[in-house]
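What follows is a set of notes on a single structure, which appears directly below.
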Amino acid sequence: MGVTDPVADLLTRIRNALQARHQKMDVPSSKLKLEIARILKEEGFIANFKSAEEEGFKVLRVYLKYGPDNDPVISNLARVSRPGCRVYVGRNEIPRVLGGMGINILTTPRGVMTGRQARKEGVGGEILCEVW
């Protein structure tokens, strides 16, 4: 039986790895997860990521990032839209996360992007998660 919500699984694994102070973590790869990792890297929440292959399976390896006091850069990740309850927003309803301190990640008709990019492009979409 596979995971019913791969995005929530990814967020939980990142959360757990940060709590355990791991330098890196692996998660089964998918296009969507790669896009989420790309945004987390662009926004400075993770150090790096790469797509690897282990025993015939595609794996997304995420390198976590910590501050000067070894505190994780990410203080929280929250899943917004779930398979049981999807959350869609129009281009004028994209919420700010912690007054602009955090980011939200949306899937839009123009691909996966942050709430800020979606506002700039004038597109709405499904809010996958919030990171701060």
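Observations on the model:
- Of all residues in segment 48-57 being exposed (fewer than 14 other Cβ atoms within 10 Å of the Cβ) and of a type outside the set (Asp, Glu), the one that is farthest from Glu130 (Cα to Cα): Gly56
- Filtering Glu126, Glu53 for residues that are modelled with pLDDT under 95 and in a strand (DSSP E or B) leaves a single hit, Glu53.
- Selection from segment 1-47 of residues that are farther than 22 Å from Pro83 by Cβ, within 13 Å of the chain's Cα centre (by Cα) and in a strand (DSSP E or B): Ile46
- In segment 105-121, the residues that are in contact with a Ser or Thr (Cβ under 9 Å, 6 or more places away or on another chain), farther than 17 Å from Lys33 by Cα and surrounded by fewer than 20 Cβ atoms within 10 Å (Cβ to Cβ): Gln117, Glu121
- Every condition in (1) farther than 25 Å from Gln117 by Cα; (2) touching a residue at least 60 places away in the same chain (Cβ under 8 Å); (3) charged (D, E, K, R) holds for Glu35 except the one numbered (1).
- Those residues of segment 98-115 which are part of a helix (DSSP H, G or I) and closer than 18 Å to Ser81 by Cβ, in sequence order: Gly115
- With respect to (1) within 12 Å of the chain's Cα centre (by Cα); (2) acidic (Asp, Glu); (3) over 21 Å from Ile127 (Cβ atoms), the lone exception for Glu54 is condition (1).
- Pairs meeting the criteria (first residue in segment 111-131 and without any contact (Cβ under 8 Å) to a residue 40 or more places away in the chain, second residue assigned to a helix (DSSP H, G or I), beta carbons under 9 Å, at least 6 apart or on different chains) are Arg116/Gly100; Gln117/Ile39; Val123/Gln117; Gly124/Ala118; Gly125/Ala118.
- Members of segment 62-75 found to be farther than 25 Å from Arg110 by Cα and surrounded by 16 or more Cβ atoms within 10 Å (Cβ to Cβ), listed by number: Leu64, Lys65, Pro72, Val73, Ile74
- The criterion of being free of Cβ contacts under 8 Å to residues at least 12 places away in the same chain and under 19 Å from Asp5 (Cβ atoms) holds for Gly84.
- Considered as a group, the residues in segment 3-47 that are farther than 20 Å from Thr107 by Cα and among the basic types (Lys, Arg) include one that is surrounded by the most Cβ atoms within 10 Å (Cβ to Cβ), and that residue is Arg13.
- Every residue from segment 48-65 that is in contact with a helix residue (DSSP H, G or I) (Cβ under 8 Å, 6 or more places away or on another chain) and either without any contact (Cβ under 8 Å) to a residue 12 or more places away in the chain or more than 14 Å from Ser30 (Cβ to Cβ) (or both): Asn48, Leu64
- Check on Ala78, surrounded by fewer than 18 Cβ atoms within 10 Å (Cβ to Cβ), within 19 Å of Val3 (Cβ to Cβ) and under 13 Å from the mean Cα position of the chain (by Cα): yes
The values are calculated or read from the model by the stated rules, or taken from the named source; none is laboratory data. A quick note: this is a predicted structure, and the numbers were derived from the prediction, not measured. Positions of Cβ are generated from backbone atoms using ideal geometry, with glycine treated the same way; all protein chains shown enter the neighbour counts.
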